[in-house]
Amino acid sequence: MEGLRQSVRVKTVFDDGHRSPQKEESVPKVRGDLRLYMCAALFGAAFAVLAGRLAYVSFGMEEEIRLIRAETQVPSRPDVLDRQGRTLAMNRTGEGLAVDGRDVWDVDEVVDALSAMFPSIDVERIHRRLSDKKYALVLNKITAEERRAVISLGLPGLRFPETTIRAYPQKDLAAHVVGYTIPGRGGVVGTEKIIDDSRLAAEEPVTLALDIVAQQVLEDELAAGIKKFSAKAGWGVLLHAKTGEVRALASLPDFNPNRPGAAAQGAWRNRAMADTYELGSAFKAITAAAAIEEGVVTISETFDVSKSIEVGGWPIDDYSRKYRPLTVSEVVQYSSNIGSVRMAQRLGAERFKATLDRLGLSTRLETDLPEGRTPTLSDTWRASELASSAYGHGIAVTPLQLAASFAAVVNGGTYRVPHFVKGEGHAISRAFSDQTSARMRIILRKSVTEGTGRNAEAAGYYTIGKTATADKPGRGGYDDDGELISSFIGAFPGYDPEYVLLISLDEPQGIAATNGFATAGHVAAPVFRRVVERVAPALGLMPVGDDVAFDGFMGLRKEMADDPKIELDALATPWWRRRTDETHRPFLPSASLAPVGDYGGDC
């Protein structure tokens, strides 16, 4: 057996411990190798799991990654300030609410409980993610009280990640101008939207031309007017007439940008910029200015408005007819549709439309905010379209567009594109001559002292402006008994306009104090007056006496008196002392005015 490997050994074990013969199997030398193989397999499985997770993270968790980054990363968004450095938007550390779908066994229970507490959350998205066992961001920010309430629900999988959130300390003040953000998407509207533009993405604060004191006054008085006259909505614009800076812009109802989802439907609409309206008789000031500029009317001539006229088969009448000829000034101050049509007919469609072009009323108004809308104009300028456009029907523009065009009428004739970011200049153009603008200031002053806008008089500021009451179009055209948009657009101080102010109420209702009237002279003009009285001192403008106002208004009349080619109305009587048979009011009153008479409405 020598030379052969022994495969079996025999050993003997006795009861006393001595060995006895017994078979003993030898163990192959693979035990260590098996352990090595097992460890390798375990490590391989672990690496496979990690690799699978890495692939899932790389290709299947795009939204999770985006959400987590939105929660944990500090956004590179600058603060937003008003012109005085007061904060409108800022970053701060907060706490969010999320649910880890891996811990949820009853998705419906969790979603129903959270949606009952937070009605504005995206139920469909959260339900889908939790059903897929994914991480679902519910809210980017919650309060301490809300955190305690959520915990008391006893739901599984709740998470409260630390987040950097966008906060709006002024809440709903200037909400449409400031805008808001959505986690992972950035700015949605307003200034927050333009911050995503590379020009404003730096760490330096974005300073707006807005003044939050003026903004607060505008919103307060506009809200009071809406409540008093049970209006559906309202909007207002305060524009610096000489620079185009928007000092205040309001659209009510509005929203709180800290919780935009909690707002009522339609509250996000920036009515002053993103909607167009037929703003009615405010266009009569533009028609008159264009007619004077083009030399197709003289100041002293009159127009017969004693009976209705027909243009293109459509009858045109005045809201409150005057049975005597009216001068150009009286056409505006008494808001005569007939007189405005007569002036537009002399202008002709081509020159009328050219005026609209110079005033930015025929194209979308491009400001430094994203909101805007293209005006609605007639495609064919037939006689009927020209006539209706002369008094503001059949032509719809945004309120901000109207304010900018009115500024050109009264500021010396220069049109400036409105802007919201302080120091951001925009293109300017010449729309009217200095002389035409000065004449229009006198005409619009008479509209306040002797015409439809008497309730807009603010003592010491010699306001100028125009009422505008427009029937809202509906199916089948206009309804004389239908709803109205009542507006007053004006400027202060009237002798040297610094600011243009537009006030509009949508579907106001007449009250006993207005004898049931809801026209502009009764509802919008008083709101205009209250805003001027409160906001002017805050902007550094104090009331003045008749002597200062006279010096401001008289410059044109002295120039006109020295020019024999220019015809003057009633030059023999000093113009600042003129009184009318109907109103018995001087041109430069500083006292409070009586209520509007039966011609105080507007058509």
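Read-outs: derived from the displayed coordinates by stated rules, not from any lab. Keep in mind that this is a model prediction, so the values were computed, not measured. All Cβ positions, glycine included, derive from the backbone under ideal geometry; neighbour counts span all protein chains shown.
Given a Förster distance of 51 Å, report the FRET efficiency between ASP132 and LYS242 from their Cβ-Cβ distance, rounded to the nearest 0.05. Don't skip to the answer; put the middle values down first.
Numbers: r = 59 Å, r/R0 = 1.16.
My answer for the efficiency is 0.30.
Report the semi-axes of the equivalent ellipsoid for segment 223-356 in whole Å, largest first, where each axis is √(5λ) for an eigenvalue λ of the Cα gyration tensor. Mind showing how you got there, number by number?
Numbers: eigenvalues 276, 67, 40 Å².
So the equivalent ellipsoid measures 37, 18, 14 Å along its semi-axes.
Would you calculate the separation in nanometres between label points at SER306 and GLN84, each defined as 7 Å from the Cα along the Cα-to-beta-carbon direction?
The answer from the label model is 5.7 nm.
May I ask you to order 443-449, 345-351, 148-154, 461-467 by the average number of other C-beta atoms within 10 Å around their residues, highest value first?
On the way: 443-449: 27.0, 345-351: 15.6, 148-154: 12.0, 461-467: 30.7.
Order by mean packing, descending: 461-467, 443-449, 345-351, 148-154.
Just name one of GLN509, ALA470, GLY453: the one whose Cα is farthest towards the positive end of the charge dipole of segment 422-536 (beta-carbon charges, Lys/Arg +1, Asp/Glu -1).
GLY453
If you count, for each residue, the other Cβ atoms within 10 Å and average over each peptide, how do 260-270, 492-502 line up from highest to lowest? The partial results should precede the final answer.
Details: 260-270: 15.8, 492-502: 24.8.
Per-residue Cβ counts within 10 Å, averaged per peptide and sorted highest first, yield 492-502, 260-270.
Between segment 401-466 and segment 230-294, what is the C-alpha centre distance in whole Å?
16
Arrange the peptides 239-251, 207-219 so that the one whose residues have, on average, the most other Cβ atoms within 10 Å appears first. Working shown, then result.
Numbers: 239-251: 24.9, 207-219: 23.2.
Most protected by this proxy first, the peptides run 239-251, 207-219.
Name the residue farthest towards the positive end of the dipole of segment 254-332 from the options ALA285, GLN265, GLY295, assuming +1 on Cβ of Lys and Arg, -1 on Cβ of Asp and Glu, about the Cα centre.
Sorting the options by dipole projection puts first GLN265.
Among LYS227/LYS284; LYS353/LYS472; LYS446/LYS472; LYS193/LYS422; LYS284/LYS466; LYS284/LYS353, which pairs are too far apart, with a Cα-Cα distance over 20 Å?
On the way: LYS227/LYS284 29 Å; LYS353/LYS472 23 Å; LYS446/LYS472 28 Å; LYS193/LYS422 16 Å; LYS284/LYS466 8 Å; LYS284/LYS353 14 Å.
Pairs exceeding the cut-off: LYS227/LYS284; LYS353/LYS472; LYS446/LYS472.
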